[in-house]
Amino acid sequence: MMAGMDGYADAHLHLMDMEDDTGYECIKSASLLLSCTSSHIQWDPQEELARSDKRIFPFYGTHPWFCTELPNRHIDHLSEFLDRNRRSGIGEIGLEGKRVCDPSQFKVFSEQLSLAKDMDRVAVIHMTGTEEQVLKEIKANKGVRTILHSFAGSGNYLEPFEKAGCYFSLSPSMMIRSEMRFQALLMAVPKKKLLIESDAPS
């Protein structure tokens, strides 16, 4: 937590997907906002918004759902955004296993995670049914700092991800789906590695 904080730290939300923050108490009560993008078309407006609100730590990345829309030299373009703001990170990136995605998602994820390692930036990772592949990439980029977005505790991956240095972010939607499972995760995740997120506007 940062000195002087009097609200909570929201580890994952999408400010670029909101028309405004009306009705979002999660934003009004937060002292720190890790705002992720899903596509490169959101990078410019995200940068502008972060300049206007010091609570915002901007994260730039391409979600696996949108990996086919990337322009040429997208990694160079991404590194330029990171260079301009030391508070910035990479996200939301990752691998999707529950809906059809272009095979290029694997290359795009690998490139973005490697850039996070090279530039010493935090990467916010999406994974659905792709724990094995994501863990393999994190281990290949030893030392990369990562937050596992909306971690569901699938399989026996909690301990391997913890050993790889990951942080775990839990969202309200998980509690809605299964309060018992959510409580079990709260007990299982080491407190020093536990983050909370609104995932707004979802």
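The values are calculated or read from the model by the stated rules, or taken from the named source; none is laboratory data. What you see is a predicted model; the values in this text were computed from it and never measured. Cβ atoms come from the backbone with ideal geometry, glycine included; neighbour counts cover every protein chain shown. Just the protein is used for accessible areas: all its heavy atoms, side chains included, with ligands, DNA and RNA removed. Shrake-Rupley method; radii C 1.70, N 1.55, O 1.52, S 1.80 Å.
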*Cα-based shape type of segment 40-129, given that a ≥ b ≥ c are square roots of the gyration tensor eigenvalues and the cut on a/c is 1.5*: prolate
*Which value in deg cm²/dmol, rounded to the nearest 500, describes the helix-derived mean residue ellipticity at 222 nm for the chain, given -39,500 (n - 2.57) per DSSP H run of n ≥ 4 and division by the residue count?*
-10500 deg cm²/dmol
*asked:* I need the peptides 176-184, 59-67 ranked by packing, meaning the mean over residues of other C-beta atoms within 10 angstrom, with the highest value on top.
replied: 59-67, 176-184
*Per residue, how much accessible area does segment 69-202 have with a 1.4 Å probe, in Å²?*
53 Å²
*Normalised per residue, the volume of the convex hull around the Cα set of the chain (Å³)*: 125 Å³
*Among the listed pairs Lys98/Lys192; Lys163/Lys192; Lys117/Lys139; Lys107/Lys193, those beyond 22 Å (Cα-Cα)*: Lys98/Lys192; Lys107/Lys193
*Provide the percentage of antiparallel DSSP beta bridges, counting only those with both residues in the chain; round to the nearest 5.*
0 percent
*What's the FRET efficiency of Ser52 with Arg99 using the Cβ-Cβ distance as r and R₀ = 35 Å, to the nearest 0.05?*
0.55
*Got a number for carbon plus sulfur as a percent of the chain's accessible area, 1.4 Å probe?*
52 percent
*Quick one: if you stick a label point 7 Å off each Cα along the C-beta vector at Met187 and Lys136, how many nm between them?*
3.4 nm
